[in-house]
Structures are given as C-alpha cells and as structure tokens.
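Inspection log for the structure reproduced underneath, given as structure tokens.
The values are calculated or read from the model by the stated rules, or taken from the named source; none is laboratory data. What you see is a predicted model; the values in this text were computed from it and never measured. No Cβ is skipped: glycine too gets one built from the backbone with ideal geometry, and neighbour counts run over all protein chains shown.
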Amino acid sequence: MDNNIQHQIEEKHFIEDIGLFFEQMGIPRMAGRMIGYLLIADPEAQSVTDITEALKASKSSISVMARLLVDNGLIERVASPLPRQDYYHFKPGGWILYMRRWLGLMSELHNITERGLVLMDDKSDDLRKRLLEAHDLFSLLEERMPALLETLEKERGDRGQENRL
C-alpha cells in the first residue's frame, strides 16, 4: 500500500477515535469527529463545505456541531476569504478553556456535595461515605487543577518565546 493511502487511512482512524472518545464523554460523535478533523487539517481553517466533504456529513449537522463546539470554547469561526462562507479552526488555547469550564462545573458539584454533607451530619459514616468520596474528589480537582492549567499555559508561553528566537 502506498504511503499516501496509508496516511489517509490513519487520519480517518484518528478522526474516528476522537469522535468515539467525545461520544463516551456524552458529546455527539460528530462533534468529536469535527474536532479530530480540525486538529489535523491543513490548512488550519476549514470551510463548512470542506468539513462536510471530509466527514461525509450534512451541512446542517456540521453547522449544529460547530455551534456546540464554539459554545464550548474548542473551535472558533475565523475570517473567510469568500463571502457568506463560514470557516472554523481549532481555537488556540481551546483545551485549556474547555478544561477551565469543566473545572467550573466540578466546583459547582463540590459546593452541592458540601451541602449534602451538612444534610448527612447526623448519619453514620457508612451512609456518608458515598457523598464524601464525591466531595473529596471534587475538592481535590478544584484545589489542584487550576495550578496544572497555569503551569501548562506558562510552559506553552515559554515554548512560544523560544520558537520565536
């Protein structure tokens, strides 16, 4: 098999793997496939038509998924060289923004579990342990995840400076 065909097959597998991963997270598979495609697309910005053809999907499906991914901070619409044509690319810093939003949700869940623990004050440790496990996990994420994201941003910024020298 020639290298070009093998490469195309590997790209399709990558796109499908990202789609399946996001589907497991409760996000539509097509949104995941779109992320996978935009992560490896060349050029980086792709039109709705390009995405539709590459993923063999309908324009309406791609438009709906684009809105979902824009709302989640993973992709963004960019200027188009053609009138009335939407172009998208994976948003720089999109993963970090996505994780910060996810962390905000975990923080809310941490607060809810704290309220639940107050409700369970007079209950046995056996009854409290399910809620306590959730509380401890969300507390740890809320405590440590921001520092990890800040470290990543700093390292990426430093790497960007080194690449410009």
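Output the residues belonging to region 106-165 that are among the charged types (D, E, K, R), more than 24 Å from Trp95 (Cα to Cα) and either assigned to a helix (DSSP H, G or I) or in contact with a strand residue (DSSP E or B) (Cβ under 6 Å, 6 or more places away or on another chain) (or both). Correct list: Glu114, Arg115, Asp125, Asp126, Arg128, Lys129, Arg130, Glu133, Asp136.
How about region 21-36: which of its residues are under 18 Å from Asp71 (Cα atoms) and either part of a helix (DSSP H, G or I) or touching a Phe, Trp or Tyr at 6+ places or on another chain (Cβ under 6 Å) (or both)?
Phe22, Glu23, Arg29, Met30, Ala31, Gly32, Arg33, Met34, Ile35, Gly36
Per the conditions (1) over 28 Å from Leu152 (Cβ atoms); (2) among the aliphatic types (A, V, I, L, M); (3) at pLDDT 95 or above, the sole criterion not satisfied by Ile18 is (1).
Of the set (1) at pLDDT below 95; (2) hydrophobic (A, V, I, L, M, F, W, C); (3) under 19 Å from Ile15 (Cβ atoms), all apply to Ile40 but (1). Annotation: of all residues in region 53-99 being within 24 Å of Gly26 (Cβ to Cβ) and β-branched (Val, Ile, Thr), the one that is surrounded by the most Cβ atoms within 10 Å (Cβ to Cβ) is Ile62. Say we look at region 136-159 and pick out the residues that are under 11 Å from Ser107 (Cα atoms) and more than 18 Å from the chain's Cα centre (by Cα); which of these is surrounded by the most Cβ atoms within 10 Å (Cβ to Cβ)? Only one residue tops the list, namely Phe138. Residue count for region 1-20, restricted to those that are outside any helix (DSSP H, G or I) and either among the charged types (D, E, K, R) or under 16 Å from Lys56 (Cβ atoms) (or both): 1.
Yes/no per residue for (1) outside the structural domain of Gly36 (by TED's automatic domain parsing); (2) in contact with a helix residue (DSSP H, G or I) (Cβ under 6 Å, 6 or more places away or on another chain); (3) modelled with pLDDT under 90:
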position	(1), (2), (3)
Arg77	no, no, no
Pro81	no, no, yes
Arg101	yes, no, no
Val118	yes, no, no
Asp122	yes, no, no
Asp126	yes, no, yes
Ala134	yes, yes, no
Ser139	yes, yes, no
Leu149	yes, yes, no
